[in-house]
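**Student:** Please find one structure pasted underneath; my questions will follow.
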Amino acid sequence: MNLDKILYNKEFTRDELVFLLSLEGDDMKKLLDRALEVKLQEIGNEVYLRGLIEYSNVCVKSCLYCGVRSKNMNFKRYTVTDEEVLDCARMAMDLNYGSLAIQSGERSDKAFTDKVTYLLKEIKKLSYGKLGVTLSCGEQSPEVYKEWFEAGAHRYLLRLESTNEDLYYKIHPKDETHDFQTRIKALNSLVSIGYQAGTGVMIGLPFQTTEILADDLLYFKKLNVAMVGMGPFIPHPETPLYEFRDKIPSDRVRLGMTLKMIACLRLLMPKINMVAATADQTISPNGREDAVMAGANIIMPNLTPAKYREQYMIYPNKANVSDKPQDCHDSLDERLKRINHKVGYNKWGDSKAFSENKG
Ligand code: SAH
């Protein structure tokens, strides 16, 4: 295959994607550089911020990779109080972030869904409609998604974790609460309600192949999602998948594969929003900047009140757990300047792919 030619393609076959995902050394660098070039051409050098609130670690699921799975009894469960959530929203306003992201363990009882609706309305009220809100609160009924949309959420991130059904069931228990088709249906209902819908996968999972990753990319393209969040899998000692920690590629290789996935997707879907995940920074100090340089354009600085952060351990040694929001903010600005990017302050930073699709 001719790399120099493929890098200028608009469409990609599965074989071409497998080829790109297998690149190393200077050839891999060529891929990342080309993705950066495409990003700068199509959406520019602004990075948009979503102040992240890790709202609750209470979860009814037991995903085999996740530290807050319901079967893990070794830590305290929490839900951030209403006043604290609203303080986070005020802080996001003070720091000129245009948007919030509310992420949570999965539950769909009415007390929870009503609470989220209430908080959305309050956030909209206190910010005079200025703060955008992305939700990442798992699978819900179409009615609940609609209620949250009407209360002011306009983006929703629901990672499929893998688009390969066999692999999906190797990383989730095979039961009603972890049904692959239900998750896909949930994602489809987000799209039809009118959200900017996002999905994504973890990278470097046990049993995952380059072919499966290439198929993930083609699946995102087929779904025509507006946003994608992908990051390296990080084994958590209190989860069943920890057993495979010696059988997965090294941190360096998993981060490299994440960067290649971001770069390939930027070539495949030039205008979508793509997150530089905290997990990137957890396995490598410059991981988030590396992701921005490979085509990502969204960062989610953590605004969760300090006392809860240790308890939102979806994976171990999470980066930035002890950061103060203001310090984190200043250093982020500085770090992005160093790589010729700038923060898009006070903007929602919606996906250009989404607005153009609509228009
Ligand atoms: N319950 C919500 C939010 C999940 S947490 C939902 O399902 O949408 C956000 C993401 O963290 C998950 O979608 C998953 O992709 C990622 N994650 C969980 N455990 C992880 C691990 N051990 N390593 C890396 N990423 C992980």
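The values are calculated or read from the model by the stated rules, or taken from the named source; none is laboratory data. Here the structure is a predicted model, which means the values were calculated and not measured. Virtual Cβ from ideal backbone geometry, glycine too; neighbours counted across all protein chains shown. In case anyone asks, the SASA skips ligands and DNA or RNA and just uses the protein heavy atoms, side chains included. Shrake-Rupley method; radii C 1.70, N 1.55, O 1.52, S 1.80 Å.
**Student:** So which of P285, P237 ends up being within 15 Å of the ligand (Cβ to nearest atom) and either assigned to a loop (DSSP other than H, G, I, E, B) or not hydrophobic (A, V, I, L, M, F, W, C) (or both)?
**Tutor:** Selected residue: P237, the only one of P285, P237 that is within 15 Å of the ligand (Cβ to nearest atom) and either assigned to a loop (DSSP other than H, G, I, E, B) or not hydrophobic (A, V, I, L, M, F, W, C) (or both).
**Student:** Tell me the helices (runs of 4 or more DSSP H) entirely within the stretch 1-44 that contain at least 3 residues that are open to solvent by less than 80 Å² (accessible area, probe 1.4 Å) and of a type in the set (K, R).
**Tutor:** Correct list: empty, since no element meets the threshold.
**Student:** Which count do you get for residues in the stretch 169-218 that are more than 21 Å from F354 (Cα to Cα), surrounded by fewer than 21 Cβ atoms within 10 Å (Cβ to Cβ) and in contact with a Lys or Arg (Cβ under 8 Å, 6 or more places away or on another chain)?
**Tutor:** 6
**Student:** Quick one: how many residues across the stretch 212-232 are within 15 Å of the chain's Cα centre (by Cα) and more than 15 Å from the ligand (Cβ to nearest atom)?
**Tutor:** Looking only at that region, the number is 2.
**Student:** Is it true that S62 is hydroxyl-bearing (S, T, Y) and more than 16 Å from the ligand (Cβ to nearest atom)?
**Tutor:** no
Quick grid of which residues meet (1) closer than 17 Å to L86 by Cα; (2) touching a Pro at 6+ places or on another chain (Cβ under 6 Å); (3) of a type in the set (K, R); (4) not in a loop (DSSP other than H, G, I, E, B):
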{"residue": "S108", "(1), (2), (3), (4)": "no, no, no, no"}
{"residue": "F112", "(1), (2), (3), (4)": "yes, no, no, yes"}
{"residue": "L120", "(1), (2), (3), (4)": "yes, no, no, yes"}
{"residue": "G129", "(1), (2), (3), (4)": "yes, no, no, no"}
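**Student:** Of (1) free of Cβ contacts under 8 Å to residues at least 60 places away in the same chain; (2) within 14 Å of the ligand (Cβ to nearest atom), T117 satisfies all except one. Which?
**Tutor:** (2)
**Student:** Right, another one. When only residues in the stretch 219-259 that are within 24 Å of F19 (Cβ to Cβ) and touching a Phe, Trp or Tyr at 6+ places or on another chain (Cβ under 8 Å) count, which is surrounded by the most Cβ atoms within 10 Å (Cβ to Cβ)?
**Tutor:** Here the residue is V228.
**Student:** Criterion first (in contact with a strand residue (DSSP E or B) (Cβ under 8 Å, 6 or more places away or on another chain) and more than 27 Å from F180 (Cβ to Cβ)) does M91 satisfy it?
**Tutor:** yes
**Student:** Another question about this same structure. Residue by residue through the stretch 78-106, note down the ones that are part of a loop (DSSP other than H, G, I, E, B), more than 14 Å from the ligand (Cβ to nearest atom) and either open to solvent by 60 Å² or more (accessible area, probe 1.4 Å) or of a type in the set (D, E) (or both).
**Tutor:** Residues satisfying the conditions are T81, N96.
**Student:** Do you know which of the residues in the stretch 178-211 that are assigned to a loop (DSSP other than H, G, I, E, B) and touching a residue at least 12 places away in the same chain (Cβ under 8 Å) is farthest from the ligand (Cβ to nearest atom)?
**Tutor:** Applying the filter and picking the extreme gives G194.
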